[in-house]
Amino acid sequence: MRQANKGGLGTWVVEAYLRRKMRQAFRGVWLSGTLPRPPGALLVYANHTSWWDGFVVHALGQAAGWDAYALMEEKNLQRYPFLGRIGAFGVWPGEAGSSLRALRYAGGLLRRPGAAVFWFPEGEIRPFGESPLRLSRGVEVLARMAQASCCSLGIRYAFFEAEKPDVLLEVGPVHPPAPLSTFQAELAARVASLARRTRLDGLQQLLAGAPGVAERWDAVRGVPGGGTA
């Protein structure tokens, strides 16, 4: 398996590139909830609805001050090896040996204070709001093996009254290792909460994107808060 290769100039370059891409693609990244800061490491499990998810969780990790890592398919990591510079490590889905190596590697990361391992237990990209969520048992196995503090993360890409989409994130409460049904219920609650949102009111902005045409035009006209959903 390919392991993460964080640090040095390479990581700085990739992070600068990703910030630019995120600003170009989205109006903003917004958070509901409080970012946890447990004394040890944190296993963050999220729904998986877009190719952008890895970049989004990296931005969240930076905002939280976590030493962030994320599991992704080995074939994609071979295609984009630079993602190892921001903490990506690989697995071949469906291969027992590869899955075991990934679990052991992630367990080692979860022994590092301040680390956060992002895990997408759906195992593939699926439509936002699909019910019921179908999670693989790997997230439960990893949590129990590492005795890690766990936290659910909902991700939604939403078009409101603006040219560009917003990224909405919601974090749940920290909980100890638990049966898979607990992971499923926690993540389903985050997704359902985000699905009900129609405005950005009360959310914390983690990353501001470049303004779209409407926002620039409203600024020229002197319209306050133009384009805010």
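Of note:
- Distance from the stretch 3-17 to the stretch 95-172 (C-alpha centre basis), Å: 22
- For Leu31, residues with placed amide H under 5 Å, excluding near neighbours: Leu169, Gln204, Gln205, Leu206
- Cα shape, the stretch 67-143, gyration tensor, a/c 1.5 rule: rounded
- Cα-projected label distance for Thr198 with Arg221, points at 7 Å along beta-carbon direction, nm: 2.3
- Candidate values (1) 40; (2) 31; (3) 43, label of the one derived for percent of Cα pairs over 25 Å apart: (1)
- Rounded to the nearest 20 debye, the dipole magnitude of the chain is 440 debye, with +1 charges on Lys and Arg beta carbons, -1 on Asp and Glu beta carbons, and the Cα centre as origin.
- Of the beta bridges in the chain, as assigned by DSSP with both residues counted there, near 35 percent are antiparallel.
- Percent RCO, i.e. relative contact order, over the stretch 8-221, from Cα pairs under 8 Å lying at least 6 residues apart: 32
- Simple spin-label estimate for Trp12 and Arg112 in nanometres, 7 Å along Cα-Cβ: 1.9
- Set of lysines near Lys21 by C-alpha distance (under 21 Å), chain-local residues within fewer than 8 positions excluded: Lys6, Lys164
- FRET E, pair Trp51, Ala178, Förster distance 30 Å, beta-carbon r, rounded to 0.05: 0.50
- Mean residue ellipticity at 222 nm, helices only, the chain: -11500 deg cm²/dmol; runs of at least 4 DSSP H residues each add -39,500 (n - 2.57), and the sum is divided by the number of residues.
- Theoretical gain in end-to-end length, Trp92 to Gln147 [0.36 nm per residue, Cα-Cα removed]: 17.4 nm
- Bridging of Lys75 to aspartates and glutamates at a Cα separation below 15 Å is possible for Glu95, Glu124, once same-chain residues fewer than 8 apart are set aside.
- Peptides 193-199, 150-156, 52-58, 31-37 ranked from most to least packed give 150-156, 52-58, 31-37, 193-199, packing being the mean of other C-beta atoms within 10 angstrom over each peptide's residues.
- Dipole-positive endmost among His175, Ala148, Leu135 within the stretch 109-188 (Cβ charges, Cα centre): Ala148
None of the figures in this text is laboratory data; all of them are computed from the coordinates on show. Here the structure is a predicted model, which means the values were calculated and not measured. All Cβ positions, even for glycine, are placed from backbone atoms using ideal geometry, and neighbour counts span all protein chains on display.
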